[in-house]
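Structure, as structure tokens:
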Amino acid sequence: DAKTTQPPSMDCAEGRAANLPCNHSTISGNEYVYWYRQIHSQGPQYIIHGLKNNETNEMASLIITEDRKSSTLILPHATLRDTAVYYCIVRNTNAGKSTFGDGTTLTVKP
Amino acid sequence: EAQVTQNPRYLITVTGKKLTVTCSQNMNHEYMSWYRQDPGLGLRQIYYSMNVEVTDKGDVPEGYKVSRKEKRNFPLILESPSPNQTSLYFCASLPTGTNSPLHFGNGTRLTVT
């Protein structure tokens, strides 16, 4: 599986959009990009995933660049409850190994 | 409710005393995996299983064993725990051959003294 690189921390004002970047320059053609978040020490929670097209669900939007070497998770109106560690991983549908990096700690401030 | 269940949630033990952390999923998923998480670090994969009777090492398998005798269960075994295995452990599952995401359990916090 391709490795990912994320900034260690980011701040965002409450009510503003939070844009979390992820670099996955060695991604393969059949690997999806997945985003999870972890609040305190709870189990990671799935947010969204995509292959090459941009995706949106009730939680977030995922923008994947045309060359697929990077992506951005967008939380459109961040709340204090969105404070968490956000992980970006890449994985193909039949992969056994799945590698999580250190993630980005997002702090939403009032 | 679809879920991954780990037991126990908290465990304190002493060095060398064998222990098992159980993981069970009710979603008929083929793939299951164990991770450990240490302070300030991401999740590191210990072992994974692509299906019944098929297991393989992740990135940090030393000191751990697993078994996959039935589809729903994937126990993590520490034959002789040591203090450096004090950590937060997560089990996860997903259906293979699809792009479905991992479903995680709520974690087991293990302390080895």
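Structure above, values below:
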| quantity | calculated |
| --- | --- |
| Candidate lysines - alpha carbon under 29 Å from B:Lys65, same-chain residues fewer than 8 apart omitted | A:Lys3, A:Lys97, B:Lys17, B:Lys18, B:Lys57 |
| 25 °C / 0.890 mPa s Stokes-Einstein diffusion coefficient of the protein assembly as shown, Kirkwood radius on C-alpha pairs, µm²/s | 137 µm²/s |
| Cα centroid of segment B:50-93 to Cα centroid of segment A:1-51, whole Å | 25 Å |
| All Cα pairs of chain A, percent lying beyond 21 Å | 30 percent |
| Amide N of segment B:86-113 lying under 17 Å from the label point, which is placed 7 angstrom from the Cα of B:Asp38 along Cα→Cβ | B:86-90, B:109-113 |
| Dipole in debye (nearest 20) - the protein assembly as shown, about Cα centre, beta carbon charges: Lys, Arg +1; Asp, Glu -1 | 500 debye |
| Only Lys, Arg (+1) and Asp, Glu (-1) charged, at Cβ; segment A:1-69 dipole about Cα centre in debye | 120 debye |
| Unpartnered cysteines - no second Cys beta carbon under 4.7 Å - across chain A | A:Cys12 |
| Nearest-0.05 FRET efficiency for B:Asp59 and A:His77, computed from C-beta distance (R0 41 Å) | 0.65 |
| FRET E, pair B:Ser67, A:Glu14, Förster distance 41 Å, beta-carbon r, rounded to 0.05 | 0.30 |
| Gyration tensor over alpha-carbon atoms, chain B, equivalent ellipsoid semi-axes in Å | 23, 14, 13 |
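Since every read-out is calculated from the coordinates, none of them should be taken as a lab result. Quick caveat, the model's predicted, so the values are computed rather than measured. In this analysis, Cβ positions are derived from the backbone assuming ideal geometry, glycine residues included, and neighbour counts consider all displayed protein chains.
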